[in-house]
Amino acid sequence: MKKIILSLALTLGVVAGAQASGDSIAWDKAPNKINDQAALQNGAKIFVNHCLNCHSAAFMRYNRLKDIGLTEQQIKDNLLFTTEKVGDTMKSNIDPKQAKEWFGATPPDLTVIARSRAGHNGTGADYLYTYMRTFYRDETKATGWNNLVFPNVGMPHVLWELQGERRAVFESHDGQQVFKGWEQIKPGKLSEKEYDEAMADLVGYLTWMAEPAQTTRTRLGVFVLLFLAGFMFIAWRLNASYWKDIK
């Protein structure tokens, strides 16, 4: 019985810690890119070139990218490494044991990450959009980086060359450190607006990848509702026709 109580207490502590890590700041609203094929294609490129080195998307196949307008040849030429095939799943080549030693934990699979990170602050897309834009330099951390949405994160800022290096400015209020803004240390290859747009594309792709059939499902849902509305009208008139003589 004591073991059960202790296990429940530890579980609640982990959950509370995870929620606290995401409650440090409000999440920004992620732009909706789910129907923008150009944005999804750019997001797929960013994902393969920067995220797939450590993170897998083991439940997504490369050939599924044809659903966002890419041809098989474009996938081969731009998104595949030499040893991979179009029908393969998106698996990282990193050794899980080494990754755990380097980062403190095995990098999570990102196939459904956009659905699993939703909270009372917003959707999973909102979380990811804010997370990817709030890395900052922190020399006290092993990686040299920290994050406002996920304090003490083990992941380094893999896109720092695009965003540049920033330092978070905090002020002390009632014994607590409150975030006030950013101090740019080194400019990146992209402007702030361009980087935000690139992250919107990446998050749009991650959102699409979590449920590739969602656009089809939405279109089908609209068709079904229109069909039911038409059928209900026919049934109503048919019912009136059946009962007119009885009344």
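Here is how the numbers come out for the structure above:
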| quantity | calculated |
| --- | --- |
| Any hit, segment 219-231, residues being over 30 Å from HIS50 (Cα atoms), within 24 Å of the chain's Cα centre (by Cα) and open to solvent by 40 Å² or more (accessible area, probe 1.4 Å) | yes |
| Residue list for segment 190-218, filter: exposed (fewer than 12 other Cβ atoms within 10 Å of the Cβ) and either aliphatic (A, V, I, L, M) or not in a helix (DSSP H, G or I) (or both) | ALA213 |
| Close pairs from segment 121-141: first at pLDDT below 95, partner among the acidic types (Asp, Glu) and open to solvent by 20 Å² or more (accessible area, probe 1.4 Å), Cβ under 8 Å, at least 6 apart | ASN121/ASP23 |
| Residue count, segment 107-124 (criterion: surrounded by 15 or more Cβ atoms within 10 Å (Cβ to Cβ), at negative phi and either touching a His at 6+ places or on another chain (Cβ under 6 Å) or not basic (Lys, Arg) (or both)) | 10 |
| Sole exception among (1) open to solvent by 50 Å² or more (accessible area, probe 1.4 Å); (2) among the charged types (D, E, K, R); (3) within 20 Å of ILE25 (Cα to Cα) for ARG133, by number | (1) |
| Selection within segment 49-99 - within 20 Å of MET155 (Cα to Cα), among the small types (Gly, Ala, Ser) and open to solvent by 30 Å² or more (accessible area, probe 1.4 Å) | ALA58 |
| Those residues of segment 29-45 which are open to solvent by 30 Å² or more (accessible area, probe 1.4 Å) and not in a loop (DSSP other than H, G, I, E, B), in sequence order | GLN37, ALA38, GLN41, ASN42, LYS45 |
| Some residue of segment 172-180 being acidic (Asp, Glu), exposed (fewer than 11 other Cβ atoms within 10 Å of the Cβ) and over 27 Å from ALA118 (Cβ atoms) | yes |
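The values are calculated or read from the model by the stated rules, or taken from the named source; none is laboratory data. None of the values given here were measured: they were computed from a predicted structure. Because the Cβ atoms are built from the backbone with ideal geometry, glycine has one as well, and the counts that use them run over all protein chains shown. The area values use the complete protein model at the heavy-atom level, side chains included, leaving out ligands, DNA and RNA. Shrake-Rupley method; radii C 1.70, N 1.55, O 1.52, S 1.80 Å.
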